[in-house]
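Q: One structure follows; several queries about it will come next.
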Amino acid sequence: MKTLKYQLKLKGLVSPSGTIPLKALTEVCDLLLGAAERGLRLAVEGTSVKRGRLPVWLTKSLDLKLIGMKKGSTVLAIEAPVLGETAKEQVRQQDFWYVLPKPEDTALTLLARSIHDTTAEFLDSDAYDGGILDSLLQFKPFLKSFAEKVELHCVSRPREHFRLGEQELAKIQRLKAKTPEPRAFVISGLFDVIEHNKKRFHLVLSDGESLLGTIDTEHLDVEQMRQFWGKKVTIKGLVHFRPSRKPRLIEAQVIKAME
């Protein structure tokens, strides 16, 4: 299987160079995997947090391997599989909802992209959402207890890198504070461009703007989407926002003919 090699550097680790406490190793690996999972879910599925078991393609894409360790603020060598092999069908799909990853990308490619946009404080970026912000802020206790900074870069793709330290986490915290909590709304518009298999749709509002939507399967049967295609509807659901306070997504719980 084709892979990309990365180096995860832990600066200021409270142990001799080239060593790492097992608790710190376990914690940083869990944090890295958790954030990478959310970045990959967002890119492919449109939301970073979902209930239920991990799909097979996602499990394979997160099969990161620790292949070595060396001195120099303690550097962990990591190998990540490319998505063109682990998520072949997902990457191949022509999807006009999201900017899908390339076959040569990895889960860490998408995580680096998310961290770049959060630390640059791009308020309307599609590379992160509230779930990703939460996963990055979870690095705070690790940095307080074990290391000053965490840096990752790809050996063969130098532009693919990120750094997380006190300064970067402060920016992420600001984004989190700016992002409104999801709220229940009733919205009307034209029910357009449905994708039945993925439970997604577009709602065209009266001002011509388009809002991405998805079905909350705990409240709605996906089959109900068919009867409303091309018609004006009223939707009750949970709206998720960007740090710019613009709506990013509505999770529909009720769909009916427009009132």
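Q: Highest mean first, what order results for 124-135, 25-36 on Cβ atoms within 10 Å?
A: Ranking the peptides 124-135, 25-36 by packing returns 124-135, 25-36.
Q: Tell me the Rg and the Dmax, in Å, that the Cα atoms of the range 109-177 produce.
A: 11.7, 36
Q: Over the Cα atoms of the range 94-213, Rg to Rh with Kirkwood Rh, two decimal places? Present the calculation step by step, with values, prior to reporting the outcome.
A: Details: Rg = 17.6 Å, Rh = 16.8 Å.
Rounded to two decimals, Rg over Rh is 1.05.
Q: Per residue of the chain, what 222 nm ellipticity follows from adding -39500 (n - 2.57) for every DSSP H run with n ≥ 4, rounded to the nearest 500? Write out the running numbers ahead of the final one.
A: Values: 8 runs with 80 residues, N = 259.
Estimated from H runs of four or more residues: -9000 deg cm²/dmol.
Q: Moving on to the next point. Mind listing the Cα extents of the range 1-148 along all three principal axes, in Å, largest one first?
A: 49, 36, 29
Q: If packing is taken as the average count of other Cβ atoms within 10 Å, what order do 81-93, 147-159 fall into, highest mean first?
A: 81-93, 147-159
Q: Which net charge results when you count Lys and Arg as +1 and Asp and Glu as -1 among the other residues whose beta-carbon is under 10 Å from that of Thr119?
A: Numbers: positive: Arg163, Lys171; negative: Asp117, Glu121, Glu168.
Once positives and negatives cancel, what remains is -1.
Q: How large is the accessible surface per residue of the chain, computed with a 1.4 Å probe and reported in Å² as a whole number?
A: Per-residue accessible area for the chain comes out at 52 Å².
Q: With N set to the number of residues, divide the alpha-carbon radius of gyration of the range 143-252 by 2.2 N^0.38 Å and report two decimals.
A: 1.49
Q: In Å, what is the Rg of the alpha-carbon atoms in the range 1-62, and how long is Dmax?
A: So, for the range 1-62, Rg and Dmax equal 14.8, 42 Å respectively.
Q: Then there is this: Running a GNM on the chain with Cα contacts under 10 Å, which residue among Thr234, Thr217, Thr19 ends up with the highest mean-square fluctuation?
A: Thr217
Q: Right, something else. Counting only residues 5 or more places away or on other chains, whose amide H sits under 5 Å from the amide H of Gly12 once H atoms are built in the peptide plane?
A: It is Glu148, by chain and number.
Q: Once you have the Cα-Cα distance between Ser145 and Lys178, take 0.36 nm times their residue separation minus that, and quote the gain in nm to one decimal. Mind dumping the intermediate values first?
A: Values: separation 33, 0.36 × 33 = 11.88 nm, distance 2.71 nm.
Using 0.36 nm per residue and subtracting the Cα-Cα distance, I get 9.2 nm.
Q: Averaged across orientations, what area in nm² does the convex hull of the alpha carbons in the chain project?
A: Computing the convex hull of the Cα atoms and averaging its projections yields 14.2 nm².
Q: Still on this structure, please answer the following. So, with a 1.4 angstrom probe, what is the percent of accessible area on the range 113-217 that is carbon and sulfur?
A: C and S fraction of accessible area: 50 percent.
The values are calculated or read from the model by the stated rules, or taken from the named source; none is laboratory data. Please read all numbers here as calculations on a predicted model, not as lab measurements. When we count neighbours, we look across all protein chains shown, and the Cβ atoms used for this are built from the backbone with ideal geometry, even at glycine. For the accessible areas, the whole protein counts, side chains as well, though only heavy atoms, and no ligand, DNA or RNA atoms are used. Shrake-Rupley method; radii C 1.70, N 1.55, O 1.52, S 1.80 Å.
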